[in-house]
Amino acid sequence: MNFRIGHGYDIHRTAPGRPLVLGGVRFDEDFGLEGHSDADCLTHAICDALLGAAAMPDIGHLFPNTDPAYAGIDSQVLLGRVIAKLRAAGFTPVNIDATLIAERPKIAPHIAAMRAALARSSGLAPDAIGIKATTNETIDDIGRGLAIAAHAVALVRKE
Ligand SMILES: [Zn+2]
C-alpha cells in the first residue's frame, strides 16, 4: 500500500463588506475575507494539503491570483479541479483533517454543513473529512480578528 500525506496552511485578512465563505459555507456576517477568489481559506488549505501529498505545486501556482479567470471564483470549483488533477495522476484521496483558527464567528454550528459541502466538491464521504475550529485566545492578529487561518492534512493513496 502506497500512502502519501500532505500538509496545507492558509491565512486571509478579514475585511468589512466581503463575503465570508469557509469550507464552502457562506456565513451571514458583516465582514469577510480579502482575496482574489471567494477567499475560502479553509478550502485553500485543504487544496494545498492534497496537492502536497502528490508533491504537486500549490494552488497559488495552479490558479494564479493574477489570472482574471479566478476572480471571485467559488473555491469548491478549485477543490474539484485539484481532486481531478490528483486522480488523473493516479492518486485517490483517502481522508482530510483540518483546523480553522478564527476569533469569530462561531464555527461549530456550521461544521456539519462544511463537511457536506466539502464532500460534494471532493467526492469523499463526509466521515472522511474532519473539521475542527479553535480561537487564537485573543493572541496576535488572528486573535484580534484581523485574519482567519487554516491548517489541513490529507492522506492519498497512489494506485
Ligand atoms: Zn487562500
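As a summary of the residue check, residue 58 satisfies the conditions (1) away from the ligand (no atom under 13 Å from the Cβ); (2) surrounded by fewer than 19 Cβ atoms within 10 Å (Cβ to Cβ); (3) at pLDDT 95 or above except for the one numbered (1).
Scanning the stretch 22-41 for residues that are within 10 Å of the chain's Cα centre (by Cα) and more than 9 Å from the ligand (Cβ to nearest atom) turns up 22, 23, 24. If the condition is being of a type outside the set (A, V, I, L, M) and either within 19 Å of residue 8 (Cα to Cα) or exposed (fewer than 13 other Cβ atoms within 10 Å of the Cβ) (or both), then the stretch 124-144 contributes 127, 130, 132, 134, 135, 136, 137, 138, 140, 144.
For the residues 3, 31, 27, the requirement of being of a type in the set (Phe, Trp, Tyr) and within 19 Å of residue 87 (Cβ to Cβ) singles out 3. When 89, 98 are screened for being crowded, with 16+ Cβ neighbours inside 10 Å and not basic (Lys, Arg), only 98 passes. Got at least one residue in the stretch 55-70 being closer than 14 Å to residue 154 by Cα, of a type outside the set (Lys, Arg) and in contact with a Gly (Cβ under 6 Å, 6 or more places away or on another chain)? No: the stretch 55-70 contains no residue that is closer than 14 Å to residue 154 by Cα, of a type outside the set (Lys, Arg) and in contact with a Gly (Cβ under 6 Å, 6 or more places away or on another chain). Can we say residue 49 is in a helix (DSSP H, G or I), more than 10 Å from the ligand (Cβ to nearest atom) and over 15 Å from the mean Cα position of the chain (by Cα)? Criteria not met by residue 49.
Would you pick out the residues in the stretch 62-96 that are assigned to a helix (DSSP H, G or I), more than 23 Å from residue 22 (Cβ to Cβ) and either touching a residue at least 40 places away in the same chain (Cβ under 8 Å) or within 13 Å of the ligand (Cβ to nearest atom) (or both)? Scanning the stretch 62-96 gives no hits.
Residue count for the stretch 122-159 satisfying the condition of being assigned to a helix (DSSP H, G or I) and within 14 Å of residue 94 (Cα to Cα): 4.
The values are calculated or read from the model by the stated rules, or taken from the named source; none is laboratory data. Keep in mind it's a predicted model, so treat the numbers as computed, not measured. Note: ideal-geometry Cβ built from the backbone for every residue, glycine included; neighbour counts use all protein chains shown.
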